Structure formats: C-alpha cells, structure tokens
Amino acid sequence: MSAVSDQLVTFAILVYLVAMISHAVEYALGNVRAVSARVAPARELVGAGVGGPAVDKVDGPAPGDTAAPPSTRPSRSAGQARLAGRIAAGLTVLAAALHLGALVTRGIAADRMPWGNMYEFVLTVTWIGTAAWLVVLGKRPSLRRLGLFLTLVMVLLLAFAELKLYVPVVPLMPALQSYWFIIHVSTIVFSSGIFLLGVVPAVSFLLRNGYEQGRRSFPYTLARRLPGAADLERLTFALHAFSFPVFTFAVIAGAIWAEAAWGRAWGWDPKETWAFISWVVYAGYLHARATPSVKRNVATWIAVLGFLTVLMNLFGVNFFFTGLHSYAGVE
C-alpha cells in the first residue's frame with residue numbers, strides 16, 4: 001500500500017500540472033479575446049451632412065482578403081477558453097481523487113491516520129485546500145480562473161513534499177499515541193488547508209485591486225483576467241472567518257493535550273510559539289477587516305502575513321528549531 005500511495009502522489013502531481021496548463025490556456029485565450037475586442041474596428045457614418053445618405057463604413061480587410069471577420073475571432077477564442085477552463089476543473093477533480101487515494105492508502109499502510117510526520121501533514125493540508133476549492137468552485141463558477149494559481153501552489157507544495165520531505169511509512173511515535181492526536185491534528189490540518197486556500201484570493205485581490213487602480217506594471221498585469229477585486233476580497237474574508245474558529249479550537253486542544261502529556265499546558269516550545277503568533281496575526285486580520293477605517297488592502301496584507309507565519313510553523317520550525325514537537329521525520 002505504501003508503494004501505491006507513492007505512485008498516486010506522483011500521478012496527482014502530474015494531473016495538477018496538466019490542470020494548471022489548461023487554466024493557463026484559458027487565461028491566455030481570455031487575454032486574446034480582450035485584445036481582439038479592443039482592436040475591433042469602429043463603425044463610422046460617411047456622407048451624413050454633406051448631401052448624401054449616411055452609409056456605414058467599417059475599416060476592415062481589403063477586398064479579397066480571406067481573413068476571418070474580427071468578430072469571429074473573439075467568439076472562437078471565448079469558446080476555446082471556456083473549454084480549457086472546464087477541462088482544467090475536471091482535471092482538478094481527478095487530481096483531488098488521486099490525492100485522496102494517496103492519503104487513504106498511506107493511512108492503510110501505516111495503520112493510523114496519515115498525519116504522523118511533515119510529509120503526511122503537507123499531503124493532507126494540500127488535499128484539504130483542493131477540496132475546499134472545489135466546493136467554492138461549485139458555488140461560484142465565475143471564480144474559476146483562480147484555479148491557475150491554486151493548482152500552481154499544489155504542484156509546488158506536493159513536489160517539494162515528494163522531493164524533500166518524503167519518509168517511509170513508520171509507526172506513530174509513542175508521544176503521539178493518544179486520542180488527542182486525532183482531535184488536535186485534524187483541526188490543525190483542516191484550518192491550515194483553508195488558510196492555504198485563503199491566501200490564493202488574498203494575493204489575487206492585492207494584484208487585481210492594484211490593476212483596477214490603474215497600475216499596469218508587473219505583477220499587476222497578471223490580474224487582468226481575474227474576477228473583480230471586491231469578489232476576491234469577500235472570498236478571502238469568508239475563508240478566514242470560517243477557518244479561524246477551527247484554528248482557535250486546535251490551539252486550545254493542543255494545550256489540553258500538552259497538559260496531559262507533559263504536565264503543562266503551555267511552555268513556549270517553538271511550534272507553540274509560532275502557533276500563537278499565527279493566531280494573533282489572523283485575529284488581527286479579522287479585527288482589521290471589521291474596522292471601517294482600515295483599508296481592505298491593508299487588512300489583506302495582514303492575512304498574507306498570517307499565512308507566512310503558518311509556513312514558518314510548518315517548515316521553518318521543523319528544519320531550524322528543536323523542541324518537544326520535533327516530529328517532522330526529516331533531518
């Protein structure tokens with residue numbers, strides 16, 4: 001089963017990659033459509049007011065030119081863009097299914113929940129993010145172009161996990177053999193997966209908001225075909241408002257488990273410290289978002305900072321610090 005899990009992860013990465021390429025095709029064809037619409041010739045009245053009847057004049061191909069009318073190209077590219085987008089969404093569903101299969105077979109091979117080390121944690125967090133994205137996509141198909149950035153994140157994180165974090169299946173460490181393992185880690189995994197998804201519309205909003213304000217330099221031009229800034233900002237808030245209470249419960253559950261396992265609820269272990277920092281930053285984001293005097297882009301930057309602290313807790317603490325939570329499984 002362990003070998004099957006490894007193969008499924010590889011297949012999932014490849015399908016996520018193809019889905020990302022399909023999203024990129026949709027994005028590119030959308031740009032072609034926009035450019036075609038801007039350069040479409042304008043109709044002009046000739047002869048009006050000079051003694052003759054008004055005649056429509058259209059600047060177009062010279063007589064005998066076999067090029068397709070300009071109005072045909074945007075229509076064709078729009079249809080191709082929609083097809084590429086649907087293919088990308090379907091491939092993302094397939095990748096998520098392979099991804100879930102990798103988690104299930106890994107858990108069967110280990111005879112436990114597949115959250116015992118950093119490799120398994122990243123696999124689970126990324127699957128939660130993808131599953132949540134598919135739920136959002138089902139409710140808001142107009143946000144589909146965000147899939148380009150979501151699948152990019154999935155490819156990068158899963159490839160990094162496969163290349164740098166992979167460890168063979170091993171039994172759960174004695175310190176983790178507790179029912180609190182399921183309660184605490186499951187809620188941390190779930191909230192982290194939603195935070196992972198939440199950072200995608202957060203960064204997209206910052207880019208799109210700048211583009212709508214007239215900025216045409218890189219990287220704001222990447223947001224040309226994204227949904228409106230207001231929609232992206234609302235999605236960012238909804239995801240974080242949903243995930244924050246779960247994350248809060250996870251931190252509290254971890255403190256209760258620490259009391260039972262180590263005789264103290266809080267000891268400023270590096271992972272505990274960074275979990276507290278993440279909690280403070282995300283609480284600051286929600287407070288800023290609810291404060292009318294705070295601009296939306298300022299609040300969103302706080303949300304992005306919150307996810308950076310999550311990454312620090314996941315990767316930085318495990319690689320650079322030693323503490324009671326050193327269960328990463330990598331050297």
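Readers should treat all values here as calculations from the given coordinates under stated rules, not as data from a laboratory. Keep in mind that this is a model prediction, so the values were computed, not measured. All Cβ positions, glycine included, derive from the backbone under ideal geometry; neighbour counts span all protein chains shown.
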Give the Cα extents of the range 184-331 along the principal axes, in whole Å, largest first.
-> 56, 35, 23
Cβ crowding within 10 Å averaged over residues, with 86-92, 178-184 ranked highest first = 86-92, 178-184
Loop sites in the range 208-274: chymotrypsin sites (Phe, Trp or Tyr not before Pro), DSSP, at most 15 other Cβ within 10 Å | TRP266, TRP268
In order over the range 154-171: 3J(HN,Hα) from phi, Karplus 6.51/-1.76/1.60, θ = phi - 60°, whole Hz, x for each Gly or Pro, gives 5, 4, 5, 5, 5, 5, 5, 4, 5, 8, 10, 10, 4, 9, x, 5, 9, x
Expressed in µm² per second, the diffusion coefficient of the range 263-322 from the Stokes-Einstein equation, with Rh the Kirkwood radius over alpha carbon pairs, at 20 °C and 1.002 mPa s, is 172
Hey, can you rank 200-206, 154-160 by average C-beta count inside 10 Å, highest first?
-> 200-206, 154-160
